[in-house]
1. Can you check how the C-alpha radius of gyration of chain C compares to 2.2 N^0.38 Å, as a plain ratio?
2. Based solely on its DSSP helices, what 222 nm [θ] is calculated for the protein assembly as shown when runs of n ≥ 4 H residues each add -39,500 (n - 2.57) and the sum is averaged over all residues, nearest 500 deg cm²/dmol?
3. Straight-line reach from B:LYS7: which lysines have Cα under 23 Å away, leaving out those fewer than 8 places along the same chain?
4. Spin-label point model (7 Å from Cα, Cβ direction): what's the A:LEU20 to C:SER66 distance in nm?
5. Which listed residue (C:CYS180, C:ALA405, C:ALA190) has the Cα farthest towards the positive end of the charge dipole for chain C, taking +1 on Lys and Arg C-beta and -1 on Asp and Glu C-beta about the Cα centre?
6. Using a Förster distance of 51 Å, how high is the FRET efficiency between B:LEU136 and C:LYS284, based on the Cβ-Cβ distance and rounded to 0.05?
7. What do you get for GluC sites (Glu not before Pro) in the range B:135-196 restricted to DSSP loop and a cutoff of at most 16 other Cβ within 10 Å of the site's Cβ?
8. Sort C:GLU398, B:GLU126 so that the residue with the fewest other Cβ atoms within 10 Å of its own Cβ comes first and the one with the most comes last.
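A short reminder: the numbers here are calculations on the coordinates, not readings from a lab. Owing to the predicted nature of the structure, the values given are computational and were not obtained by experimental measurement. Using ideal geometry, Cβ is built from the backbone for each residue, glycine included, and neighbour counts are taken over all protein chains shown.
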Amino acid sequence: MGATAVKRARYIWIPLLALLIAIPAGFYYVHWSQQGEGAGFYSRLWSPEAIFAYWAPDDFYDSVQSVEGRFEGPACVSCHSAITPGIVNDWRASRHARAETPVYCSDCHGDDHRRLHMPTPRVCGECHATQHGQFLDERRFGFPSHALALERALDANHFVDKPKAEVTACLQCHSVAAKCDSCHTRHRFAAAEARRPEACITCHSGPPHPDVESYFASAHGQIYLAEGAEWDWSKPLREGNYRAPTCAYCHMHQGQHQVADKPIWKFGIKQVNPLTSANRVRRKRWLEVCDDCHDEALARDALVGLDRERKRAWEKLYAAEAELRSLREENLFHPAAGSRPPYPNDWLDRLWPRARIGFFEGQASAFYNVSPIERDYFEMWYFDNLSAYKGAAHGDAERVQAAHARLDADLKAIRARADRLREQARREQAAGIVAPDPSSLWLNGEYTEFNREHN
Amino acid sequence: MGATAVKRARYIWIPLLALLIAIPAGFYYVHWSQQGEGAGFYSRLWSPEAIFAYWAPDDFYDSVQSVEGRFEGPACVSCHSAITPGIVNDWRASRHARAETPVYCSDCHGDDHRRLHMPTPRVCGECHATQHGQFLDERRFGFPSHALALERALDANHFVDKPKAEVTACLQCHSVAAKCDSCHTRHRFAAAEARRPEACITCHSGPPHPDVESYFASAHGQIYLAEGAEWDWSKPLREGNYRAPTCAYCHMHQGQHQVADKPIWKFGIKQVNPLTSANRVRRKRWLEVCDDCHDEALARDALVGLDRERKRAWEKLYAAEAELRSLREENLFHPAAGSRPPYPNDWLDRLWPRARIGFFEGQASAFYNVSPIERDYFEMWYFDNLSAYKGAAHGDAERVQAAHARLDADLKAIRARADRLREQARREQAAGIVAPDPSSLWLNGEYTEFNREHN
Amino acid sequence: MGATAVKRARYIWIPLLALLIAIPAGFYYVHWSQQGEGAGFYSRLWSPEAIFAYWAPDDFYDSVQSVEGRFEGPACVSCHSAITPGIVNDWRASRHARAETPVYCSDCHGDDHRRLHMPTPRVCGECHATQHGQFLDERRFGFPSHALALERALDANHFVDKPKAEVTACLQCHSVAAKCDSCHTRHRFAAAEARRPEACITCHSGPPHPDVESYFASAHGQIYLAEGAEWDWSKPLREGNYRAPTCAYCHMHQGQHQVADKPIWKFGIKQVNPLTSANRVRRKRWLEVCDDCHDEALARDALVGLDRERKRAWEKLYAAEAELRSLREENLFHPAAGSRPPYPNDWLDRLWPRARIGFFEGQASAFYNVSPIERDYFEMWYFDNLSAYKGAAHGDAERVQAAHARLDADLKAIRARADRLREQARREQAAGIVAPDPSSLWLNGEYTEFNREHN
């Protein structure tokens, strides 16, 4: 060790001291951030919409103040039979009402009418501990999962970076983490209804996750649509009980409330090695469901088909990503990362503006304020790729075919646009032109500006 | 008053006389216009398609001439049991057939087989006066309304400005004004079936009005889809009778046949102040439906969510309109209003060609023969905006999210196109280029040309 | 006849001899081509995906080898009740199980467990000869037809020209030719379920053939959706038995299994004269179905409406084709037919590269590796045109209106792109520029390259 090295070693206390200050300061900062009017990490940067009272009731629900007093179950029922007969009917038809010791309104909502609360999974878990435990266990597997759906949304900076009037729509589904009645509708809460695919429709549909659409278009869905109205839904989700599977039959086999531990491809948003040892275990678990009805060989062949579809899709996606990376190298995004307004709450993006490409660079959380070709890739990736995936996973062949045709068209469009960007750059350089500042396009009315003012 | 003013006053008789001639002449002209082979204001400019016999039967239906004679009900039934058994079965299952004094075919169609008529609401109203009266009462609220659907379509110049082969598709739905069997299907006419959402599907679906799509994707629709097959649809649409609402439950509460008096936002095609005194009354009427099942606070919060969604959508739409108005100022529409063929039946447009932007200038009736950027706005406004609206109104969160993402993309695309138009104009001006006449694009095969020859 | 002519006639043996060799050589070549690892004409160029075992079982299915022995029906049932209870339940509920002499597993699959086979229509036809005969009779009418669906796909060069991971999705539906259980699901095989529209959903849906979508959106579909769950599906498809028609009611009236002999417009992909003598006979057959419920005049008027809609659609399509033909004349496709990689298995295209426009030149089988404007036309033709057609044929008015609006927009977009191509050519010619080789766009990662390596 030379003399200068020794000299330097003496200064080791500087970074150590810095860490000693920074770590608790970081903890304190996170804690402080969560103490605002909103909820989550950005709680100081937004105030709740009224409807959040029902979606994150522990944080925001305030009981109606117009009625005073303490009421026991029968009294609630008697009054609400006249005020809100619909839900009283539902309750009367529920197992809660027909139990030997009925579970009354007050058991879940409390009995002080000025301090009523909206039941969260924790409240339901007081009786339904197994299901609640399985549900909470999803957290081990990270996101996407039902149990983390709300928390991860509220902690994401694009939650505060988008106008609340819009993210409110997102959070309606993400509130599943705080509401058992997303699947078991109020106030019947029947297991029977959650066994049906309709229980999943409200959230698992639409461009980025056409789960229900692809199920209904499959042979499984065809049988359900034709005959489901006559099935006995009180039966548990076990082999031999149903003629065709529903969402829950496969994903929540035997009533399992942990849904995050079996997916192999997750949402299809990144490439996955389907043959890791963990995934081999998962494949086996899937086959155990399929072989309730199918020859195991057929099920295995179908899984291989999915593997191959995914591989082919990622060949197309990576080809598009490569094109984008090359454009980024050549500095041809227009506007480039540095000349578009940063997300107000994304410090890293402000300090080190950089176009993010693909899943691992976090493009999914940066699809606004990007140049057209980046947005093209986002749509290819999020909509057409996920449509192909869901089609392949759920047996909707027509969707696979149509989505791959779209992926091809997307890749061609991205390459054509890349060619145009390069050609334009070449011409401008040849003519000594400096491209005009695209200010009218980027600096007015964008999310970032809007939210600075309105959120 | 100076001497010249007095002199001028002597000529007041000139405009007065002109009015005295013009007003009756106008009335006469309107009357004369309605006397043609078609129907409505443009009746002299089109001849009916064969199928109009069934959609506007008072104007066009001619009885089959192959059978002669007068027949009373039982005779009709006896013969048609063999000829068209399907509708006889339907009638037999109807209340008409099972009434003490049955309502026979001849009671609605007449008994002279060479002078049969298709029953219009007026015929049904002879017995069902309350419903018919409520239906007619819609006319007070203007269009959109069922009662004015056919009349306003036939009086619109884009009816004659489009090839009949296409507007016939439009009029299939608009014939609701002349046919109770649009909702109560022939010949059962059950109230029970019109209570179900399917009664509304045929018309209230598709890009500009995804009512049924958004309903089915909502939690309400989810419950209906899962359980509706088992409900007792003979019950009236009153609180406590249905577990989840259907189209009719909310929009025709308690069987009300006046549907035009309660909408606040109408079809979402213009911005509305949701808090006018009239709209406050309407909000109260909506809440009275919601609170059949829901805490009133939740319903109120959901309405506020709709208000905010609408406000946000209009911020985007107005930003796009402003871009278009600015381009119109700069004379950059290509082709511009003056150099595209006018709608043949739009006098004003021929005399004073002017690009129309947005609802109040009448863009909705001028979406053909426009330049690409105007069409872009039309699609943003008519499809993506209305999709967002229906999603927000019917509780289809996924649709709201997806439609607002589209609105953002639309606004960006419009701004990008506007930038390109300006850049091109700048370059052409710099180079002294005059843009070529876009004749190949605009003057061949367009609606206007086509219809001059074919309608 | 002059002297030289006589002299030439002596050489007639040359082409005659050539033919004498070429014809048997051709036959031999076709035969040889079919002897590969795959199936069909290109059998030497691809190897089967695992799942083909179930889709073309005569060619590819190998029985499970893990179980040895010969088993009679009751033994199969006893063991499979535990292994795959779902399908045993289905069989128990089938007529096969409840027949006086039950039709057991072994009757269709064989009894040697190491030589089981998957039943093809031929196997089913041993008992159900009438239906099988009608099904085979479809072959007389060529493609599209169920009976030729698989064969024509495997014999098409775009089957081997596309990556198998994608065409596998196509072949899932095309396997209908080899699997009665595409419509009568395993192992119940009820006629009742194939009478319902759901039996057709899996295949007859999606952009190029929205049959089910358009049916469900029609008044017919509306009645089915509302009431179908209560109908008695055991009744044959005869007049008076069903309140509203389903796919099978009209297309397989009275249980007819020959579906290819009645269509007038086939799939809407080419213009058809609907009034040829053969089509007049077909029209009569359609009217005979409609008049089970409708006044014949109404049905006739509806058919005329379809004729007019088709005529109008083809006016738009021909206008687009004319634009493309003119661009081809001017050599403005970019890249042009000669400078894009030929389909590896398309000899003609390699020898005589030529852009194909429209149905009769075979554009449908050449929609990859084409220039953007050709793809635009393909989409106009295949998606928007077919959507308009299905809407008009099935009574989905909203779809007709929306699809024709799309056709208009498509035509405008094609003309605008054509204008841009011409303008660009003009400018490049004026400036003496030679357009750069679009190699990055066309030569990497395309189907043709990909398949050379991977299929």
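1. 1.18
2. Dividing the helical sum by the residues of the protein assembly as shown leaves -15500 deg cm²/dmol.
3. Cα-Cα hits under 23 Å: none found.
4. My value for the distance between the label points is 6.3 nm.
5. C:ALA405
6. 0.75
7. none
8. Ascending number of Cβ neighbours within 10 Å: B:GLU126, C:GLU398.
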